[in-house]
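To keep things clear, I will list the structure first and then write my remarks on it.
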Amino acid sequence: MRPRRHSVPRLPPPPAVEEAEAETVKAPSAEQAALDLDRVIHERMRLGIVSALAVNEHLSFNDLKQLLHTTDGNLSVHARRLEEAGYVHCHKFFAGRLPKTEFRLTAAGKRALERYLDHMEAIIEATRES
């Protein structure tokens with residue numbers, strides 16, 4: 001017997017889409033919705049970075065490293081990926097003779113996190129309804 005598929009609540013169609021067209025589009029299954037998650041944010045370490053920056057105006061490299069219990073190399077790789085996606089801004093400077101790196105969440109990063117959280121809530125809701 002095949003497992004039953006559940007639909008995920010849909011967001012309203014964009015304004016350019018006619019109502020008749022919107023009704024003919026099927027809602028994706030919970031499995032498909034899970035596959036459509038933002039993979040840049042979905043990875044555990046990157047989600048931790050974005051979440052920490054969402055509740056802090058900025059964090060230093062060392063603050064993030066301590067908070068996430070990770071290594072320099074691991075944090076550096078994941079922060080760079082977020083920066084390439086435009087979700088995080090990295091500012092490097094010197095404090096006296098010491099190099100410092102500070103991270104901030106960009107507006108695009110905030111929007112991406114909100115979309116990701118909305119998506120996860122929809123998946124959770126669909127799972128609870130089953």
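Observations on the model:
- Charged side chains reduced to their Cβ positions (Lys and Arg at +1, Asp and Glu at -1) give region 21-129 a dipole of some 740 debye around its Cα centre.
- Region 59-74 residues near the modelled Lys92 label - backbone nitrogen below 15 Å, point 7 Å along Cα→Cβ: 61-62, 73
- Estimated vicinal HN-Hα couplings, Hz - region 106-123 in sequence order (Karplus 6.51, -1.76, 1.60; Gly, Pro = x): 7, 4, 5, x, 5, 5, 5, 5, 4, 4, 4, 5, 4, 4, 4, 4, 5, 5
- Label separation (Glu83 vs Leu47): 2.4 nm, computed from points 7 Å beyond Cα along the C-beta direction.
- All other residues whose Cβ lies under 10 angstrom from that of His119 are scored, Lys and Arg at +1 and Asp and Glu at -1, for a net of -4.
- Amide H contacts of Val88 (H built 1.01 Å from N, under 5 Å, at least 5 apart or other chain): Glu83, Thr106
- The Ala107 and Thr127 beta-carbon pair, evaluated with R₀ = 30 Å, returns a calculated FRET efficiency of approximately 0.45.
- Sites Asp36 and Thr71, calculated FRET efficiency, Cβ-Cβ separation with R0 30 Å, nearest 0.05: 0.45
Each value in this text was obtained by applying a stated rule to the coordinates, not by laboratory testing. Owing to the predicted nature of the structure, the values given are computational and were not obtained by experimental measurement. Because the Cβ atoms are built from the backbone with ideal geometry, glycine has one as well, and the counts that use them run over all protein chains shown.
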